[in-house]
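Data block below; observations after.
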Amino acid sequence: MNTNIDNLNSVRKPKIFNQSMSFVEGWYWVLPSQSLQTGEIKAVTIFGKDLVVYRGKDRRAVILDAYCPHMGTSLAEGKIEGNELRCVLHRWKFDAEGICVGIPNVDEPVSLKAKTWPAAEQYGMIWVWTGETPQQPLPFVLDWENQDFDFSLGSQFSIDCHPNVLLLQGIDTQQINLVNKLPLKMVLEKQELNQNAIIFSTITNINGKSFWLNLYRRFFNNSFNYSVCYWYGTTSIVSFTNDSTQLHIIFTTRLLPGGKTAGQTLFMCKKRQGILGKLINKLILKIGKKISDRLLKTNDKILETMQFDLKTPLKADLSIMQFINHLERQKPLTWESWLLVRSREREEEVREEREKREKWRDELVND
Ligand code: FES
């Protein structure tokens with residue numbers, strides 16, 4: 001097959017793909033929006049970093065490092081006052097930017113900031129960007145900017161398999177045909193949308209009969225328009241589309257310690273008008289849930305025992321290699337610190353921040 005040594009090396013000896021402590025800078029799911037009410041604080045651990053998420057009076061979700069910058073008390077034990085969070089131990093108060101805005105019995109302002117992380121809410125989920133400033137948008141459906149859509153949340157799932165390996169099942173065409181017994185000859189075309197997103201798509205005619213194929217034909221006719229768009233190697237949007245009907249299934253995942261996956265499914269379709277339109281969309285979203293449950297169940301045991309190593313790539317494995325190479329070109333971050341891997345500059349910044357903080361503490365002590 002047409003490949004080169006560099007590509008093969010990154011496939012056989014990846015530094016990010018399928019590595020137990022590797023992830024890239026990006027947007028990742030935190031919690032379903034509905035599980036964080038106004039005035040609530042929740043503790044979460046994402047890529048080894050302990051965080052708290054809270055929702056103040058303005059209903060905005062705020063994400064902070066979990067421990068108080070004064071003495072390390074868990075901010076999850078604190079209390080929300082308006083849009084601010086008060087630490088439970090010495091009652092220091094932090095605003096939504098993490099700035100310390102009040103210390104009981106201390107009049108002069110203290111220049112101190114709890115570390116905050118960019119947060120967003122979309123598709124009924126709270127998301128965090130694992131860097132200082134978001135460089136890319138939240139995962140989105142291609143050509144759907146400014147479109148109205150209906151969506152529903154599916155189930156959370158976990159599997160003893162790396163997110164990258166789990167999600168590439170969507171482009172493993174040999175497996176899709178064989179396991180699902182689909183009478184298709186699928187050839188995927190790839191397109192890189194940006195540094196962090198890549199889409200694989202195909203339009204194939206379907207023949208044959210089965211319950212699933214008949215159901216599919218009811219909505220999508222004889223043409224199998226299928227695409228999988230990957231964001232940050234850990235969120236995939238699996239799309240089935242035709243001119244009138246679209247179904248998008250989002251599998252958004254996070255890496256857990258030990259190379260396991262925690263994930264959440266979401267379903268989306270274009271908004272339809274009227275009661276009938278709403279009913280049709282409800283049905284489409286339900287079908288999405290059925291398909292996603294089936295996809296997650298089909299290979300779970302195989303994936304949990306698999307030692308992924310693409311030793312003998314065939315032409316049919318080209319998309320898998322392209323996915324791995326795309327992921328290998330992204331910015332890897334360090335587990336727990338979320339610093340860029342081998343970033344001297346960043347380490348320098350952190351050292352300066354630490355020195356400033358220590359200087360401030362020394363000044364306080366000397367006073
Ligand atoms: S530990 Fe939080 S205010 Fe002291």
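The values are calculated or read from the model by the stated rules, or taken from the named source; none is laboratory data. Bear in mind that the values here come from a model prediction, so they are computed numbers and not experimental data. Positions of Cβ are backbone-derived with ideal geometry, glycine not excepted, and every protein chain shown enters the neighbour counts.
Summary of values
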{"quantity": "Of all residues making up segment 78-105, the number that are closer than 14 Å to GLY39 by Cβ and within 12 Å of the ligand (Cβ to nearest atom)", "calculated": "4"}
{"quantity": "Residue count for segment 78-95, restricted to those that are closer than 16 Å to ALA43 by Cα and not in a strand (DSSP E or B)", "calculated": "3"}
{"quantity": "Pair list, Cβ < 7 Å and 6+ apart or interchain, from segment 62-74 residues that are free of Cβ contacts under 8 Å to residues at least 12 places away in the same chain to residues that are of a type in the set (A, V, I, L, M) and within 6 Å of the ligand (Cβ to nearest atom)", "calculated": "none"}
{"quantity": "Extreme residue, farthest from ARG55 (Cα to Cα), among residues of segment 107-132 that are modelled with pLDDT of 95 or more and among the hydroxyl-bearing types (Ser, Thr, Tyr)", "calculated": "THR130"}
{"quantity": "Residue check, LYS311 in the same structural domain as LYS190 (by TED's automatic domain parsing) and outside any loop (DSSP other than H, G, I, E, B)", "calculated": "no"}
{"quantity": "Checklist (1) touching a Pro at 6+ places or on another chain (Cβ under 9 Å); (2) without any contact (Cβ under 8 Å) to a residue 24 or more places away in the chain; (3) more than 15 Å from the ligand (Cβ to nearest atom) applied to ASN146, failing item", "calculated": "(1)"}
{"quantity": "Residue satisfying all of: in segment 40-77; of a type outside the set (Gly, Ala, Ser), outside any strand (DSSP E or B) and within 16 Å of the ligand (Cβ to nearest atom); nearest to LYS113 (Cα to Cα) among these", "calculated": "PRO69"}
{"quantity": "Residues being surrounded by 20 or more Cβ atoms within 10 Å (Cβ to Cβ) and either within 30 Å of GLU336 (Cα to Cα) or modelled with pLDDT under 90 (or both) - total across segment 257-283", "calculated": "5"}
